[in-house]
Structures are given as structure tokens and as C-alpha cells.
1. Please go through the range 85-108 and pick out each residue that is within 23 Å of Glu21 (Cα to Cα) and either of a type in the set (S, T, N, Q) or not in a strand (DSSP E or B) (or both).
2. Conditions first: (1) surrounded by fewer than 15 Cβ atoms within 10 Å (Cβ to Cβ); (2) within 17 Å of Ile87 (Cα to Cα); (3) touching a helix residue (DSSP H, G or I) at 6+ places or on another chain (Cβ under 8 Å). Ser41 passes all but one, so which condition is the exception?
3. Among the residues of the range 12-59, which ones are more than 16 Å from Asn90 (Cβ to Cβ), within 14 Å of the chain's Cα centre (by Cα) and part of a helix (DSSP H, G or I)?
4. Quick one: which residue in Asp79, Asp49, Asp94 is touching a residue at least 24 places away in the same chain (Cβ under 8 Å) and either surrounded by fewer than 16 Cβ atoms within 10 Å (Cβ to Cβ) or under 25 Å from Val5 (Cβ atoms) (or both)?
Amino acid sequence: MKQTVNLYDFREAFKNHGRQEQFSYDGLEALFDHLEEYEESTGEDVELDVIAFCCEYTEYDSIAEFNDNYGEDCETLEDVKYFTQVIPVNKYEDKEGNEQQRFIIQDY
């Protein structure tokens, strides 16, 4: 049985599973868009499995946070892409006024 979901339904599914804090508001949109693009490019349907998505993907506020978690020494998102798939989320300024990039990776 198949049900088509929109972005609102996708976000609600995370909320209903108590996982609304797993990804930022913008992060959920970026992940949703990524999964839709995957479906369109491959012709394969993706099952809406919130727990699986939470295990397979992680959102980071910065490359430094990614480096700390994985023990890497990346300087750019291109460096991170060497290791895994990267889904850009949004740019923001940190407390020191430095531009940062939020992004989601497929865990490895």
C-alpha cells in the first residue's frame, strides 16, 4: 500500500514519532527534497520510515561539528563529500559572526 506525502506530512511524521528535534525545520525540508529527487531520478519509491531516516542521516551545524564527530579534518563541504553524501541545509552566522553552513550527511 502506498501513500503520497507532502512536506507537511513528512514533518508531522517526525513529530508523531517524537523525533521532531532530530533535524532542524529547514533540515527536514532539505531531507524531504533530497528524498523526492532520489525517487524522481531512480523511479524507486522511498518508504516513510522516520526511525530509519534518523539512523541513516545526521544534521550538523558546522564542519567543525562534523570533524569532531568523525575525527576528520575537513575544511569545506567538498571535503566532506569525499567521505559521504552531503545535503546542504542553510547558511547562518554563528555567535562570533562567522558564516556557517548547516548540512545533513548520510552516516557512514
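1. Across the range 85-108, the qualifying residues are Gln85, Asn90, Asp94, Lys95, Gln100, Gln101, Gln106, Asp107, Tyr108.
2. For Ser41, the failing item is (3).
3. Listed by number, the residues that qualify are Phe14, Leu35, Glu36, Glu37, Tyr38, Val50, Ile51, Ala52, Phe53, Cys54, Cys55, Glu56.
4. On the way: Asp79 fails: touching a residue at least 24 places away in the same chain (Cβ under 8 Å); Asp49 fails: touching a residue at least 24 places away in the same chain (Cβ under 8 Å).
Checking each option against the conditions leaves just Asp94.
Each reported figure results from applying straightforward, stated rules to the coordinates on display, with no laboratory input. Quick caveat, the model's predicted, so the values are computed rather than measured. Neighbour counts are summed over all protein chains in view; Cβ atoms, including those assigned to glycine, are modelled from backbone coordinates with ideal geometry.
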